[in-house]
1. For R385, all conditions in the list (1) among the basic types (K, R); (2) over 27 Å from I111 (Cβ atoms); (3) modelled with pLDDT under 90 hold save one; what is the number of the exception?
2. Name, by its number, the condition in (1) within 16 Å of the ligand (Cβ to nearest atom); (2) open to solvent by less than 20 Å² (accessible area, probe 1.4 Å); (3) outside any strand (DSSP E or B) that does not hold for F186.
3. Restricting to region 13-32, name every residue that is assigned to a loop (DSSP other than H, G, I, E, B) and open to solvent by less than 80 Å² (accessible area, probe 1.4 Å).
4. May I ask you to verify whether S196 is of a type in the set (S, T, Y), touching a helix residue (DSSP H, G or I) at 6+ places or on another chain (Cβ under 7 Å), more than 16 Å from G67 (Cβ to Cβ) and in contact (Cβ under 8 Å) with a residue 24 or more places away in the chain?
5. Among the listed residues R58, R140, which satisfies the condition of being away from the ligand (no atom under 12 Å from the Cβ) and touching a Ser or Thr at 6+ places or on another chain (Cβ under 8 Å)?
6. Could you identify the single residue in D276, D295 that is farther than 30 Å from T28 by Cα and either outside any loop (DSSP other than H, G, I, E, B) or assigned by TED's automatic domain parsing to the domain that holds R27 (or both)?
7. Which residue pairs have Cβ atoms closer than 8 Å, lie 6 or more positions apart in sequence or on different chains, and pair a first residue in region 362-378 that is free of Cβ contacts under 8 Å to residues at least 60 places away in the same chain with a second residue that is open to solvent by 10 Å² or more (accessible area, probe 1.4 Å) and part of a loop (DSSP other than H, G, I, E, B)?
Amino acid sequence: MEPFRGVFTQQEAIPDDAIAAAVDVMRTGRLHRYNTVGDELGAASELERAFADYQGTRFCLACASGGYAMSIALRAAGVEPGDTVLTNSFTLAPVPGAVASVGARPAFVEITEDLVLDLDDLKTKISETGAKVLLLSSMRGHLCDMEALVALLADNDVLLVEDCAHTMGASWNGRASGSFGLAGCFSTQTYKHLNSGEGGLLTSDDPQFMARAIMLSGSYMLYRRHGAAPPETTFEDIRLETPNMSGRMDNLRAAILLPQLQTLDKNVQRWNERYDLIADGLSEVPAIKLPRRPDPEHYVGSSIQFRFPTLDPEKMLRFVELNKEMGVELKWFGDNTPVAFTSNHHSWKYTDPQELPKTDHILASLFDMRIPLSFTLGDCAHIARIIGHNASRCTSEGNLRKIE
Ligand SMILES: *Cc1c(COP(=O)(O)O)cnc(C)c1O
């Protein structure tokens, strides 16, 4: 079999209209979001308006990163130093990092084999910790039963902040991911669904919450110039009571993002064609277990995860190695040392150590692969064949050893 020669970290180019918009901003020199002339809105404010409309939410704030959006969301939600914040045990480092940034402590909730929050464990942890906020991470784009989650949280007076870094463009029963609770946090970092290098978007329907978030982001009392902000009167006291923790988005990045938002849904379709093709290929490999994608979930297949539960633990890295030799870059979440984007709760030493046997068991056989849009459908079929081939090799080697 021919090795694959594509590059897993290669995103598509920034579209020409976005490049032109960025050049226009640079020609004016007005890169700072509040450096506007007359009643000019500015790209950052336009982006806020456009993204609020896309999400179907009242308010939106453009800011420095997804991690920053989560951090100010927790603070604006009233989380204080020493508080406990519930969050997923399977997530990326910026999530526990956002909890730590407000001096709070994460209490990790187990995941299920479908890689979503385990609602039974959530119930237990709510009563054990008394925590009042859940930072839900829809890690790698897997949505839990959102209606069941919302009902459980309402019963227990727990606020929901959603980390939608991998679910921008996704929905559950037709409702946009990020619109189920107090706030949705999005990232426009290069490997997410819109690309401005770095960037974040925070959405909410709650005027007081959004006024606090806008002040936190460093609005220099210029909140009137925002694109999707609550009315001025909401800021009356909040503007004096809320510290400035500068983390604004600039007009240059917003200008790059605006045209990309127009093609987001089209790109979601293109991701899913690629995802479905790879998933179909892998579903024919008996040893490989794909997480279920429930009917109400409209996902964005910008990456794929699967488990290889029958593989001996010491063989996990060999499987990664064999695929790498043939040009396919898999990440393994069970590794003891964090590699690139695959850290797990054991490597977040600043958090309280926690027993998460179910999550550990799942992560021990969990593999992860990016699906950049720069790959063709032919590339995706090729990749699936290589993984299948290496899975058979590892399985038969395992059997041989057992026979010896
Ligand atoms: C990327 C990511 C974020 C936010 O990341 P930033 O780099 O801060 O924009 C949050 N959660 C998850 C799960 C992510 O993958």
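The values are calculated or read from the model by the stated rules, or taken from the named source; none is laboratory data. All values reported here derive from a predicted model rather than from experimental measurement. With ideal geometry, Cβ positions are generated from the backbone for all residues, glycine too; neighbour counts draw on all protein chains shown. Please note that ligands, DNA and RNA were not included when accessible areas were found on the heavy atoms of the full protein model with its side chains. Shrake-Rupley method; radii C 1.70, N 1.55, O 1.52, S 1.80 Å.
1. Against the list (1) among the basic types (K, R); (2) over 27 Å from I111 (Cβ atoms); (3) modelled with pLDDT under 90, R385 comes up short only on (3).
2. (3)
3. Selection gives I14, P15, G29, R30, L31, H32.
4. Against the criterion (of a type in the set (S, T, Y), touching a helix residue (DSSP H, G or I) at 6+ places or on another chain (Cβ under 7 Å), more than 16 Å from G67 (Cβ to Cβ) and in contact (Cβ under 8 Å) with a residue 24 or more places away in the chain), S196 does not qualify.
5. Result: R58 is the single residue among R58, R140 that is away from the ligand (no atom under 12 Å from the Cβ) and touching a Ser or Thr at 6+ places or on another chain (Cβ under 8 Å).
6. On inspection, the qualifying residue turns out to be D276.
7. Cβ pairs passing all conditions: A364/G334; S365/P309; S365/L311; S365/G334.
Here's the yes/no breakdown for (1) closer than 27 Å to A104 by Cα; (2) out of contact with any helix residue (DSSP H, G or I) (no Cβ under 6 Å at 6 or more places or on another chain):
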{"position": "L317", "(1), (2)": "no, yes"}
{"position": "E321", "(1), (2)": "no, yes"}
{"position": "G327", "(1), (2)": "no, yes"}
{"position": "D360", "(1), (2)": "yes, yes"}
{"position": "I371", "(1), (2)": "no, no"}
{"position": "A391", "(1), (2)": "no, yes"}
{"position": "S396", "(1), (2)": "no, yes"}
